[in-house]
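Worksheet: the structure to be examined is printed underneath.
The values are calculated or read from the model by the stated rules, or taken from the named source; none is laboratory data. Treat the numbers as computed from the prediction; the structure is a model and nothing was measured. Heads up, the Cβs are rebuilt from the backbone with ideal geometry, glycines too, and the neighbour counts pull from every protein chain shown. Heads up: the accessible areas ignore ligands, DNA and RNA and are worked out on the full protein's heavy atoms, side chains in. Shrake-Rupley method; radii C 1.70, N 1.55, O 1.52, S 1.80 Å.
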Amino acid sequence: MSTPTNGYALITGASQGIGAAIALELARKGFGIVVVARSEQALKAVASEAAKLNGGFAHALAVDLFAADGVDRMLAFLKEKQLPISCLVNNAGQGLWGMFDELGLEEQQRMMHLNMSVPVELTYKLLPQLRAARHGYILNIASMIAHHALGSMAVYSGSKAFVLRWSRSLRIELKSTNVRVTCCSPGSVITGFTERARMQALDDLAKKFGTPPEPVAQAAVAAMLNGKAEVIPGLLNVVTSKLQSWLPTGANEAIASGIYLKRLASRKA
Ligand SMILES: NC(=O)c1ccc[n+]([C@@H]2O[C@H](COP(=O)([O-])OP(=O)(O)OC[C@H]3O[C@@H](n4cnc5c(N)ncnc54)[C@H](OP(=O)(O)O)[C@@H]3O)[C@@H](O)[C@H]2O)c1
C-alpha cells in the first residue's frame, strides 16, 4: 500500500474553521490527512478537497469528542485503515462566554474535556507512532487568551493556558527525540467559534479585528515545520501581545476583561 511522502496528519475539529484550513495546508505540504469532527458531510467535503491536493491520501471520521470513548474510536479507525501518523494537530476546541457561576457546570466540564483531556489522551496514545516516524510533529491550538486572565471566559482562558503550558513543557521533555511540539495562539479568527461560544455581542469586534482561518493555518503549519515552540499568527496580534507583555499583569487583565464584561452586561440587558 502506498503512503504519502510525509506520512499522515490527524487533525481534530477539521470540519470547518481553523482545523479545515490546517488540513488543506498540510495536504498542500504533502501530508496525507485524517480529519475528525462530528459533522460527517462537512468532513467529507474537506477530505475530498484535500485529496485533490495530495494525490488522494485523505480520510474523514465522524466522532463526537465530548464522548468518553472519542479518542479510542479515532485510534481504532487509524488501526483499521493502517494509517501511520507523523503529525497530530490538536485543534478541536470550544469557547463559552459568560460568568462562571451563570454558565452551566456540565457544559463547562464538557468544554474542559474537549479542550484539555482529549489533546492529552490523544497525544499520549499517539506518541509511540510519532516517535516511530522520521519526523514527528505535534501542533496544539491554544489562543491569545491563554496568555492572560479574562473575566467572562474563566474556564476557557484557563483551558487554553493549560494547552500553552503543557505544550511548552512537553516540548522540553521531547527535545532529544524526533518529535517537535508547537503551540499556536491565534487572536480573533472569523469562524463558527463566536456563534458556538454565544459571543454574538462581540461580533462587530471579531469582524473588525478578525482574520480568515487560512493565514492562521499557513502561519501555524510553517511554525510547526520549522520546529518553532510558539506562534502568534498576524502582525497586529504579535504587536498586541508584545504590548501586553510590557503592561503590568493587573492592567492587562483589566483592559481585556473590561471590554468583554461590558459587552456581556449589554447582552443581558
Ligand atoms: N476563532 C477564534 O477566534 C479562535 C481564537 C483563538 C483560538 N481558537 C481555537 O481554535 C480552535 C478551532 O476553532 P475555530 O475557530 O476553527 O472554531 P469552529 O469554527 O467552531 O470549529 C471548531 C471545530 O471543532 C469541532 N468540534 C467541536 N466540538 C466537537 C466535538 N465535541 N467533537 C468533535 N469535534 C468537535 C467542530 O466540528 P463539529 O461541530 O462538526 O464537530 C469544528 O470542526 C479551537 O481550539 C479554538 O479554541 C479560535
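Protection proxy ranking for 212-220, 40-48, 171-179, using the average of other Cβ atoms within 10 Å per residue and placing the highest first: 212-220, 40-48, 171-179. Over the chain, accessible surface divided per residue gives 48 Å², non-protein components excluded, 1.4 Å probe.
How high is the relative contact order of segment 8-268, in percent, counting Cα pairs under 8 Å that sit 6 or more residues apart?
Details: 471 pairs, mean separation 47.4, N = 261.
That works out to 18 percent.
For segment 8-268, carbon and sulfur atoms together expose 57% of the accessible surface, with a 1.4 angstrom probe and every protein chain in place.
Only helices at least 15 Å long along their own axis, judged from Cα atoms, and with Kyte-Doolittle mean hydropathy of -1.0 or greater: name those in the chain from DSSP H. Present the calculation step by step, with values, prior to reporting the outcome.
On the way: long enough: 17-28 (17 Å, 1.25); 40-54 (21 Å, -0.12); 70-81 (17 Å, -0.12); 118-132 (22 Å, 0.32); 154-173 (28 Å, 0.01); 213-225 (18 Å, 0.99); 235-246 (17 Å, 0.48); 249-268 (28 Å, -0.22).
Helices meeting the criterion: 17-28, 40-54, 70-81, 118-132, 154-173, 213-225, 235-246, 249-268.
Residues whose amide H comes within less than 5 Å of that of V179, counting only those at least five positions distant or on another chain, are G136 (H built at 1.01 Å from N in the peptide plane). Measuring between alpha carbons in the structure, the pairs from K44/K242; K125/K208; K52/K81; K44/K228; K29/K242; K228/K262 lying more than 29 angstrom apart are K44/K242; K125/K208; K44/K228; K29/K242; K228/K262.
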